[in-house]
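The structure appears right after this line, and notes come after that.
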Amino acid sequence: KKPPSPSTAAHCICNRHYRGCSMIEILPESQDNLVCLRAVAKLTDAEYQKLIPELESLLEKHGTARIYCDITEMEGWELAAAWDDFAFGVKHWNDFTKLALLGNQRWEELSVKIGDKLTKADVRYFPEEEKEAALAWISAA
């Protein structure tokens, strides 16, 4: 399955716009303390390392963040990238107020249910056909 090409309004973290590119995009719906992301293909540690400073900057500016993440095109991630995600989440445990995950796998839905019990943030899973509902929910402050 080939990943979709990044939209021209989105900001690709990896700066590689070619077929087969794995990437994290910051979507144009992002504003204020809302970060909307789309993950495509298998994420690498290098890509995640490029995202972390942008998230750190947002948290420094706003104090808290709301995160929307579309992982419907994600095919997994390198172990180091998964570790970075875990470490970042632990470091900023109290800095997230809402997390919306748009996915298409049962394990993603289950992980959100577990995550919702482990953090004070409101964490919700949305199936891929409910993208507009997910964006509406995460956008409401």
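The values are calculated or read from the model by the stated rules, or taken from the named source; none is laboratory data. What you are looking at is a predicted structure, and each value in this text was computed from that prediction instead of being measured. As a convention, Cβ positions derive from the backbone with ideal geometry for all residues, glycine included, and neighbour counts pool all protein chains shown. Side chains are part of the model used for accessible areas, which takes the heavy atoms of the whole protein and leaves out ligands, DNA and RNA. Shrake-Rupley method; radii C 1.70, N 1.55, O 1.52, S 1.80 Å.
Ranked from the most accessible area to the least, with a 1.4 Å probe and all protein chains present, what is the order of Trp83, Trp137, Trp93?
Details: Trp83 160, Trp137 40, Trp93 110 Å².
The ranking, largest first, comes out as Trp83, Trp93, Trp137.
Give me the net charge for the shell around Leu27: Cβ to Cβ below 10 angstrom, other residues only, Lys and Arg +1, Asp and Glu -1.
Working: positive: Arg38; negative: Glu25, Glu29, Asp70.
So the environment of Leu27 carries a net charge of -2.
Hey, what do the phi angles of segment 67-76 turn into as Karplus ³J(HN,Hα) couplings, whole Hz, using 6.51/-1.76/1.60 and θ = phi - 60°, x for Gly and Pro?
10, 10, 9, 8, 10, 5, 9, 6, 10, x
At 0.36 nm per residue, minus the direct Cα-Cα distance, what do Glu129 and Leu79 gain on full extension? Give it in nm, one decimal, please. Write out the running numbers ahead of the final one.
Values: separation 50, 0.36 × 50 = 18.00 nm, distance 2.88 nm.
Stretched out fully, the Glu129 to Leu79 stretch lengthens by 15.1 nm.
Cβ neighbours within 10 Å, averaged per peptide: list 115-124, 46-55 in order, most packed at the top.
Numbers: 115-124: 14.4, 46-55: 16.8.
Order by mean packing, descending: 46-55, 115-124.
Of all the accessible heavy-atom surface of segment 58-132, with the other protein chains kept in place and a 1.4 Å probe, what percent is carbon and sulfur?
Details: 2530 of 4540 Å².
Carbon and sulfur: 56 percent of the exposed surface of segment 58-132.
In a shell of Cβ-Cβ distance under 10 Å around Ala39, excluding Ala39 itself, what net charge do Lys and Arg (+1) and Asp and Glu (-1) give?
Taking every other residue near Ala39 into account, the sum is -3.
Heavy atoms only, 1.4 Å probe, whole protein assembly: order Glu130, Glu60 by accessible area, highest first.
Greatest to least solvent exposure: Glu60, Glu130.
Using a simple spin-label model with points 7 Å from Cα along the Cα→Cβ vector, what separation in nm is obtained for Asn104 and Ala136?
Going from the Asn104 label point to the Ala136 one covers 2.2 nm.
Work through the residues other than Ala81 whose Cβ is under 13 Å from its Cβ and net out their charges, Lys, Arg +1 and Asp, Glu -1.
Numbers: positive: Lys42, Lys50; negative: Asp45, Glu47, Glu75, Glu78, Asp84, Asp85.
Charge balance in the 13 Å sphere: -4.
How would Val35, Val90 line up by accessible area, probe 1.4 Å, largest first?
Val90, Val35
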